[in-house]
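Please read through the structure below; I'll follow up with questions.
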Amino acid sequence: MSETILVLGSAGQVGTDLVSTLRNIYGGSRVIASDIKPVSGSMAEEGPFEIVDVLNDSSLTAIFSKYKPTIVYHLAAMLSATAEEHPKKGWELNMDGLFKVFDICLEYKVKRIFWPSSIAVFGPGTPKTNTPQNCVMDPNTIYGISKLTGERYCEYYYNRWGLDVRSIRYPGLIGWKAKPGGGTTDYAVDIFHQALDKGRYTSFLNKGTVLPMMYMDDAIKATIDITEAPADFIKIRSSYNIAGFSFGPEDLASEITRHIPSFEIAYEPDKRQLIAESWPQSIDDKEARAHWNWKPDYDIERMVSTMLQNLKSFASSK
Ligand code: SER
């Protein structure tokens, strides 16, 4: 049977790449993109696009009854730095949104659901390097608390109601198609835009702040692979650790300098520094590798040259 795929929160950093990849696989008309705000360009032109507010029951009912999706990717959320500015709104969107989407997926008998968790589920008490799947998890940001609670919900809904939710803990994601909004790892995307526009970048995270990161194509591959894997491959029903590579701002800057020799970086850490310091530096993803054959394709060298190449050709095509 051909699937009908609904992506909630399509206009965000992950959604933008996910919708175009899914439409290449399944065809434009099978992938319904949706967001709380209107979009323009290919997302609206290459397949259905609908305005959906995941906090509004009648808005959710309208889209589920119109399309009767068989697979749902629920990406609508507020990231770490913005959620620290608006903790109540962050909690409401990340948690109430999740409850409402899970409940309507049960009602409409959706076959499979993907929901992203994050390295933000870890906290100051977590082992910093090679962080295992299960360990002390004491997140101290509202975003991290919402993601850890969400993970428990995923497992609970699977065990209690049989809802087939799959989840991964995204590290910082680096892509060129859409800019991220409100995350602590966003510097690793902004730096490329500034390097090409101005030849210099002032980082809001300090030198030495090593975080787990991943190129967007690998994140999209992991997202689609886990969602399409046979159900018995998925042995962890909360959320899987996955890893790409780890670096600090100075490592990324020196890799960019290999392509743009005059590039310069300066450091002006702000509030996001504390968030970054509460997170792991590297992740052990052996369960994802063993259970559903996860393996990244990109290291930092390949990620940097691909980012620069794509951003340059995008700029010259405008
Ligand atoms: N990239 C996210 C953030 O920085 C973490 O999942 O908020």
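The values are calculated or read from the model by the stated rules, or taken from the named source; none is laboratory data. Note that the structure is predicted; figures quoted are calculated from it, not measured. Cβ sites come from the backbone with ideal geometry, for glycine too, and all protein chains shown count toward neighbours.
Kindly indicate whether any position in region 93-114 is within 16 Å of the ligand (Cβ to nearest atom), closer than 26 Å to residue 230 by Cβ and not in a helix (DSSP H, G or I).
Looking for residues that are within 16 Å of the ligand (Cβ to nearest atom), closer than 26 Å to residue 230 by Cβ and not in a helix (DSSP H, G or I), one finds at least one in region 93-114, hence yes.
From the list 183, 175, pick out the single residue that is more than 11 Å from the ligand (Cβ to nearest atom), of a type in the set (Gly, Ala, Ser), crowded, with 17+ Cβ neighbours inside 10 Å and within 21 Å of the chain's Cα centre (by Cα).
175
Every residue in region 278-318 that is under 26 Å from residue 238 (Cβ atoms), surrounded by fewer than 16 Cβ atoms within 10 Å (Cβ to Cβ) and over 19 Å from the mean Cα position of the chain (by Cα), please.
If the condition is that a residue be under 26 Å from residue 238 (Cβ atoms), surrounded by fewer than 16 Cβ atoms within 10 Å (Cβ to Cβ) and over 19 Å from the mean Cα position of the chain (by Cα), then 286, 290, 293 are the ones that fit.
Being buried (at least 21 other Cβ atoms within 10 Å of the Cβ), acidic (Asp, Glu) and in contact (Cβ under 8 Å) with a residue 12 or more places away in the chain narrows it down to one of 53, 57, 35, so name that one.
Details: 53 fails: buried (at least 21 other Cβ atoms within 10 Å of the Cβ); 57 fails: buried (at least 21 other Cβ atoms within 10 Å of the Cβ).
Checking each option against the conditions leaves just 35.
So the check is Cβ under 9 Å with 6+ separation or different chains; which pairs have a first residue in region 76-88 that's under 14 Å from residue 12 (Cβ atoms) and a second one that's of a type in the set (Asp, Glu) and part of a loop (DSSP other than H, G, I, E, B)?
Listed pairs, sorted by first residue: 76/53; 79/186.
Kindly list the number of the only condition in (1) at pLDDT 95 or above; (2) out of contact with any Ser or Thr (no Cβ under 8 Å at 6 or more places or on another chain); (3) within 11 Å of the ligand (Cβ to nearest atom) that fails for residue 212.
Of the numbered conditions (1) at pLDDT 95 or above; (2) out of contact with any Ser or Thr (no Cβ under 8 Å at 6 or more places or on another chain); (3) within 11 Å of the ligand (Cβ to nearest atom), the odd one out for residue 212 is (2).
If the requirement is being touching a helix residue (DSSP H, G or I) at 6+ places or on another chain (Cβ under 7 Å), basic (Lys, Arg) and away from the ligand (no atom under 16 Å from the Cβ), which of these qualifies: 318, 295, 286?
Numbers: 318 fails: touching a helix residue (DSSP H, G or I) at 6+ places or on another chain (Cβ under 7 Å); 286 fails: touching a helix residue (DSSP H, G or I) at 6+ places or on another chain (Cβ under 7 Å).
Exactly one residue qualifies, and that residue is 295.
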